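In what follows, a single structure is set out as structure tokens and then discussed.
The values are calculated or read from the model by the stated rules, or taken from the named source; none is laboratory data. This structure is a prediction, so every number in the text was calculated from the model and none was measured. As a convention, Cβ positions derive from the backbone with ideal geometry for all residues, glycine included, and neighbour counts pool all protein chains shown.
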């Protein structure tokens with residue numbers, strides 16, 4: 001066994017301590033890169049951060065009287081809004097049919113009845129796709145709904161549209177009006193979706209803030225000592 005001199009032992013100890021300090025400094029990082037005003041000490045920097053966090057008034061973010069991207073409702077109003085939405089969805093449905101699971105079970109248990117209804121529906125005049133009907137079927141369908149045959153259509157001058165010269169022009173006029181109405185409805189729907197998105201973004205901001213705050217009473221000195229001494233759990 002090789003016996004080390006005191007100088008060798010001290011040198012080995014110094015090297016071990018140096019490597020340990022190097023690892024600690026690497027873990028801490030460059031204090032000059034801190035975004036806090038305090039950069040000379042982690043303690044001072046953390047105290048500055050804690051003071052900033054303590055100065056945040058979370059209650060100022062809660063406002064039940066408005067909806068915006070920088071405010072949120074209280075949990076009470078949120079719960080009330082959710083309950084109202086659920087009630088509107090259920091809409092006084094019977095207890096045995098007021099959940100999606102119960103509706104799915106009802107559909108599954110009554111599949112034969114549903115198929116019979118589908119078969120019956122297939123014998124009706126369609127409005128969503130073309131059908132091939134015999135002359136007798138066409139006559140019966142017109143008779144059932146009180147419609148006139150093409151040759152029985154009245155004078156075009158009776159049309160309420162501006163265009164009266166031909167049916168194509170009249171239909172195009174009606175379609176243009178319908179398209180304009182649909183565009184206006186789409187614009188209104190877009191605004192509603194945008195408002196809902198802003199509310200969701202505001203809630204996300206609050207959630208992110210709560211996550212970022214975390215706990216601020218950790219004894220970091222004890223954590224370091226435990227890690228340094230190898231006694232951390």
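Things worth noting here:
- Residue 37 surrounded by fewer than 10 Cβ atoms within 10 Å (Cβ to Cβ) and in a loop (DSSP other than H, G, I, E, B): yes
- Of the residues making up the stretch 148-167, not a single one is in a helix (DSSP H, G or I) and at pLDDT 80 or above.
- The residues of the stretch 42-70 that are over 30 Å from the mean Cα position of the chain (by Cα) and surrounded by 12 or more Cβ atoms within 10 Å (Cβ to Cβ), listed by number, are 42, 44, 45, 46, 47, 48, 49, 50.
- Residue in the stretch 75-92 that is over 27 Å from residue 193 (Cβ atoms) and out of contact with any strand residue (DSSP E or B) (no Cβ under 8 Å at 6 or more places or on another chain) present: yes
- Inside the stretch 23-34, residues that are in a helix (DSSP H, G or I) and surrounded by 10 or more Cβ atoms within 10 Å (Cβ to Cβ) make up a count of 4.
- Residue check for residue 178: farther than 30 Å from residue 42 by Cα, modelled with pLDDT of 75 or more and surrounded by 10 or more Cβ atoms within 10 Å (Cβ to Cβ): yes
- So residue 115, is it under 30 Å from residue 103 (Cβ atoms), under 41 Å from the mean Cα position of the chain (by Cα) and modelled with pLDDT of 70 or more: yes
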